[in-house]
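Data first, discussion second: the structure below is written as structure tokens.
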Amino acid sequence: MDLRTPVTALPTVRGTVARGLTRLGIVTVRDLLFHFPRRHDDRRVLTPLCDARPGQTVVINGVLTDIRAEQSFRRYRRGTRPVLVTYARITDSTGALPVRWFHRRYLEKTLPSGTEVYLVGAVNEAGELVAPEVERVHRGRTPLHVGRLVPVYPEARGVSSRMLRYLISLALPVAATLREYLPPPTRESEQLLDFPTAVAHIHFPDDETFLARARERLAFDELFLLQLAALVRKAARGMETALALAVSDATVADAIQALPFSLTSSQGNALHSILHDVMQSLPMARLLAGDVGSGKTVVAGLAALAVARAGGQAALLAPTEILAQQHAATLAELLGSSGLRLGLLTASTPPAERDAILAKAASGERSLLVGTHALLHAPLNFPNLALVIVDEQHRFGVLQRGELTQRGPAGTTPHFLSLSATPIPRTLQLTAYGDVEVSPLDPRPGQRPIQTEIVSPAARNTMYASLKNRIAARGQVFVVCPRVEEFPEDERRSVEAEYRRLKRDLFQGARIERLHGKMRAEEKSRILDAFRKREIDLLVASTVIEVGVDIPNADTLLVEGAEHFGLATLHQLRGRVGRRGQKAVCFLAAETEDAASLERLRVLVRTNSGLEIAEEDLRRRGSGELYGTRQHGGVTLKVASVSDFPFLLRVRAAAERLLREDAALESASLLAARVRQLNVTTHFE
């Protein structure tokens, strides 16, 4: 066995297990070793049965007796289902407890009465162990699932932490073949464990000290790669040349004066910074980050207008046709009279119109092209492309974004401005956005907080009554579901099923439609246009509405299965209502009683601040797929917490020190290769 060995060569890896491992991204033994635990449970202390108390999680060593399997029934939200229950008693020298498992017929045969076992589980109020984890005692063999700090892993259907512990224990000797890639001076100065030891001890540590040191080393590696990649990108950008444009605040002063509203101070500051950047021959790399409704589009539009007045052209890339159309309409309304000549290019643009738009871009008659992926695939001749704007850039592939930045005049790189609807916490500015300048936008003054309520199953009728009242008062309602279509094994509500149910059973007199990403572009545009014109009262939708959809009259949002969405997504969805300052309500319908899930949702009840929510999301999740920091081919933060600011500063200082001493990373070829790979496949702007 080596690092490249397929996991299918390991015992028991076939069928459901093999498919589950694939879903987890585990194909080889190397992937298995780098599937790190999300936590460790301390199962080193055995509890005598006489000391077991209701509500307590216990580790018990005893003998199973009276084991038998019986058919029974179990109540679910949609009724009852037959279920096989295996009953037993666990005894030790101090007492006994009843035990039961569900759907575990094999236990009756594999663990007959008289078998000595370890059980791990919680004692319920009735004084019984329900569905405990079980491990048979083998004399002379160290147990794998008890008697140690036990790793608990991210799981998939068919692949439990128990299965992963078993497979990783088989693969663990191969960890010794992993190559150290940190330069010795860095590892020694930071007093870090060597790489193979850290990987071994992140799974099965000897004690808390070894676990802490393993986490420290692996967290350092993740952040060190991010920092090095950002610093190398920043240095490389210094070698590129952009068009230095003759612009200033005065260039667009008349257009700002003509706007139907005043810019906020943060919008003015951001625009000033952008214009200062595009005056330089060094390509701009700036992120415009603002909460829902903070006015990113108008700032980007004014930047494009300034570029156009200086003789340049701009392109604005949006992730969806809906958002591209909305950007084009908004900018035409706000800046068309100031001379911003824009064209809209999407996949549904008719061929003749498409050819005319491209011809006008080539001749310079169009100073701004707004579009979707169609911009990337079009035979676009943009002779004076000086500014590329990408909205929600993490939704595009790296090569896709790179295509536009390569279409500037020969020998130049266009200035780059990305827009983010998520406020960026300070720690992320130092890591994922370490090579760009961040311009934060404050919320617009006068924005009314959106009242947010968590709705339990018992309170549904009251909520539906509230929806009916708001529709009767000429309001409009979004209902968002976590799935598009219904699946028998999945109890989450779907757009299609909920659309039929609401129309048939609850809102017979209301005008109801549905919207999701599987619809044709023309159909989506038609439905949104009708909703905008108040021809629809209630729209059942998927998260296709999450970004940018602007329905001025919408004042109510219901999110079904809210516990299945991240805080950032829920905040973006909430931003679809109350966009004109009217009183708005957001209902978060939860189908769970899990205390941690409900507490997470209460963050949205407590605050409407996107920055506070981003900080809280960062604190709770700590790493992983957050604000686009995880992308295919890039660094997945499995161990590091980007909320640990002192640790971030320590890592950044180490990266800067290494590059000062060895700018080309000649002393660390493996590290250099990883940084090159990261910068080719991942873009954090």
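No lab work stands behind these numbers, since they all come straight from the coordinates. Note that the structure is a prediction, hence the values are computed from the model and not measured. As a convention, Cβ positions derive from the backbone with ideal geometry for all residues, glycine included, and neighbour counts pool all protein chains shown.
Exposed loop sites here are chymotrypsin sites (Phe, Trp or Tyr not before Pro) assigned a DSSP state other than H, G, I, E or B and surrounded by at most 12 other beta carbons within 10 Å; excluding them, the longest clear run of the chain is 262-685. Principal-axis analysis of the Cα atoms of the chain puts helix 460-472 at an angle of about 10° to the longest axis.
Here the chain is assigned +1 on the Cβ of each Lys and Arg and -1 on the Cβ of each Asp and Glu. Its dipole about the Cα centre then comes out at about 1500 debye.
Global dimensions of the stretch 16-162 from alpha-carbon coordinates: Rg and Dmax equal 16.9, 48 Å. Taking each of LYS234/LYS638; LYS109/LYS638; LYS234/LYS518; LYS296/LYS503 in turn, the alpha-carbon distance tops 31 angstrom for LYS109/LYS638; LYS234/LYS518; LYS296/LYS503.
Applying the criteria of a DSSP loop state and at most 12 other Cβ atoms within 10 Å to the trypsin sites (Lys or Arg not before Pro) of the stretch 79-113 yields ARG105.
When both bridge partners sit in the stretch 451-608, DSSP labels roughly 5% of those beta bridges antiparallel.
Proximity of backbone amide H atoms, modeled 1.01 Å from N, is registered between VAL59 and THR47 at under 5 Å, excluding neighbours fewer than 5 places apart on the same chain. Near ALA285, the amide H atoms lying under 5 Å from its own belong to PHE416, GLU437; only residues 5 or more places off or on other chains count, and H is placed 1.01 Å from N.
Helix-only arithmetic for the chain: the sum of -39500 (n - 2.57) across DSSP H runs with n ≥ 4, divided by the residue total, places the mean residue ellipticity at 222 nm at -11000 deg cm²/dmol. Whole-Hz Karplus values for the stretch 605-615 come out as 5, 6, 9, 10, 7, x, 5, 4, 5, 4, 5 Hz, taken residue by residue from phi with 6.51 cos²θ - 1.76 cosθ + 1.60 and θ = phi - 60°; glycine and proline positions read x. Over the C-alpha trace of the stretch 451-608, radius of gyration and Dmax come out as 14.6, 43 angstrom. Protection proxy ranking for 170-176, 556-562, 384-390, 363-369, using the average of other Cβ atoms within 10 Å per residue and placing the highest first: 384-390, 556-562, 363-369, 170-176. Residues whose amide H lies under 5 Å from that of VAL455, counting only those 5 or more places away or on a different chain, are LEU588, ALA589, ALA590; hydrogens are built 1.01 Å from N in the peptide plane. Candidates THR16, HIS564, LEU340 compared by Cα position along the dipole of the chain: farthest toward the positive end lies THR16, with charges placed on Cβ. Each residue of the stretch 232-244 is assigned a 3J(HN,Hα), and the resulting list reads 5, 4, 5, 5, 5, 5, x, 8, 8, 10, 10, 5, 8 Hz, derived from the Karplus form 6.51 cos²θ - 1.76 cosθ + 1.60 (θ = phi - 60°), x at Gly and Pro. Seen against the Cα atoms of the chain and their longest principal axis, helix 161-171 is set at about 90 degrees.
Taking the charge dipole of the chain about its Cα centre, with +1 at Lys and Arg Cβ atoms and -1 at Asp and Glu Cβ atoms, the residue from ILE471, ALA458, PHE507 reaching farthest to the positive side is PHE507. Counting only Cβ charges, +1 for Lys and Arg and -1 for Asp and Glu, the dipole size of the stretch 1-130 around its Cα centre is about 840 debye. Listed values for the stretch 249-266 are Karplus-derived 3J(HN,Hα) couplings in whole Hz (6.51 cos²θ - 1.76 cosθ + 1.60, θ = phi - 60°), namely 4, 5, 4, 10, 4, 5, 5, 5, 5, 7, 5, x, 8, 8, 5, 6, 4, 5, and x replaces Gly and Pro. Only beta bridges with both residues in the chain are counted; by DSSP, about 40 percent of them are antiparallel.
Pairwise Cα distances in the stretch 556-621 exceed 16 Å in 43 percent of cases. Using only the alpha-carbon atoms, how far is helix 521-532 inclined from the longest principal axis of the chain? Give it as 0 to 90 degrees, nearest 10. In the chain, helix 521-532 runs at an angle near 80 degrees to the longest axis. Which entry is the computed Cα extents along the principal axes in Å for this structure: [x] 71, 61, 46; [y] 88, 72, 42; [z] 161, 67, 53? Here the calculated entry is [y]. Cross-link partners of LYS533 among lysines, defined as those whose alpha carbon lies under 16 angstrom from its own and excluding same-chain residues fewer than eight positions apart: LYS524. The dipole here belongs to the stretch 451-608: it is taken about the Cα centre, uses +1 on the Cβ of Lys and Arg and -1 on the Cβ of Asp and Glu, and is about 840 debye.
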